[in-house]
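Each reported figure results from applying straightforward, stated rules to the coordinates on display, with no laboratory input. All figures in this text were calculated on a predicted structure; none of them were measured in a lab. Every residue, glycine as well, gets a Cβ built from its backbone with ideal geometry; the counts of neighbours run over all protein chains shown.
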Amino acid sequence: MRLILGIETSCDETAAAVVDEDLRVLSSVVESSIDVHRAFGGVVPELAGRAHVATLGPVVARALEGAGRDVRDPGVVAVAVTSGPGLVGSLLVGLSAAKAYSLVWGVPLVGVNHLEGHLFAPLLERPDLTWPLLTLLVSGGHSIFVLQSGPGEYRVLGETIDDAAGEAYDKVARYLGLGYPGGPEIDRLAALGDPHALRLPVSMTGEGYDVSFSGLKSALVRAADTHREVPLADVAASFQGAVVEQLTRKLRAALGAFPVAGVALAGGVAANSALRASVAALAEEFSVASYLPSLAMCTDNAAMIAAAGWHRLAAQGASDLSLSADPNWVLA
């Protein structure tokens, strides 16, 4: 059985996983430093980098142990690592460690695009997944509509022109005095509120698949200031409803334009209950399969990086040890 070690340190999660060539996850360990950042209302890059330095070694050791291996005899054929996009300091910690493991163990290094890793997450739970696939990748830094004809074969249809959906959630949560991260807090409150309490705009309603959330964020602030009598739960529900409406409109248009076998969610915002329900309803409307990842596969993890690493190793071979971190690496 051939195994690959995946390492992920693009933001505030330190993660390592061991995955076999059939994309079975033998172990997956994630150590988050979110408690360190919560007091600041967002991720502090310097603190995130320090946390990775302190925890990456033990996390890798635990991942290998969970797969019945150890650092002296890892039994892996390659090391896959996120080399972008993300926080440059955090990326460098993971990349430097991956290069060291590659050299010591005498196995290839494989640089992986973090976003492509998210596209592989559904395959880890649904090996029976059918192609082509339309995927909405939504996270704190990205909102991207991707048409996939097969593993690693994709076309970006559209993306955010300003704030990502997750970023908008965090900013609105901060304005409303909620905790960090904002997504889960707003989702929890929204379930108790009326999504029609505030009239908020839905941007980018014309042709194309790009989205925008900065205007919605500003409109929410103005509306909430003007209508202070509106309960907090209704404010949260109105905001979430506008976000989901914009994403759903674009998904519906794409499903009408491209014949696909299924629609999938990926990224941290894929954990949002309203968005999951909306995508499931769209899949039923268009009679296609829906692939909604478990909450563990929505957030950053190294199993998805290992899965993408298998594909990149087969398609392009190993990366050179001169590989550098690319914090702005786009999904082309």
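Before moving on, here are some points about what is shown:
- For the chain, the longest principal axis of the C-alpha atoms and the axis of helix 302-316 are separated by about 60°.
- For the pair VAL330 and ASP128, the difference between a 0.36 nm per residue extended length and the Cα-Cα distance amounts to 69.9 nm.
- Folded to 0 to 90 degrees: helix 114-125 orientation relative to the chain principal axis, Cα: 90 degrees
- Projected area averaged over orientations for the chain, convex hull of C-alpha atoms, nm²: 16.0 nm²
- Residue separation of SER294 and GLN316 scaled by 0.36 nm, minus their Cα-Cα distance, works out to 5.0 nm of gained length.
- For the chain, the 222 nm mean residue ellipticity estimated from helices alone, with every DSSP H stretch of n ≥ 4 adding -39500 (n - 2.57) and the total spread over all residues, rounds to -14000 deg cm²/dmol.
- The DSSP beta bridges internal to the stretch 130-295 are antiparallel in roughly 55% of cases.
- Take the Kirkwood radius over Cα pairs of the stretch 130-295, plug it into Stokes-Einstein at 10 °C and 1.306 mPa s, and you get 100 µm²/s for translational diffusion.
- Scattering from the stretch 1-112 was approximated by placing one identical point on each alpha carbon and applying the Debye formula without solvent; log10 I(q)/I(0) at 0.23 1/Å stands at -1.22.
- Once the Cα atoms are used to define both axes, helix 165-175 deviates from the longest principal axis of the chain by about 60 degrees.
- Built amide H within the under 5 Å cut-off of ALA289, gap 5+: GLY262, VAL263
- Excluding the site residues themselves, the longest part of the chain lacking any trypsin sites (Lys or Arg not before Pro) in a DSSP loop with at most 14 other Cβ atoms within 10 Å is 73-198.
- Within straight-line cross-link reach of LYS250, aspartates and glutamates at Cα separation under 18 Å, skipping those fewer than 8 residues along the same chain: GLU159, ASP162, ASP163, GLU207, ASP210, GLU284, GLU285
- Distance between the modelled labels on HIS227 and GLU285, one decimal in nanometres: 2.4 nm (7 Å Cα→Cβ projection).
- Extension gain from SER32 to ALA277, taking 0.36 nm per residue of separation minus the Cα-Cα distance: 85.5 nm
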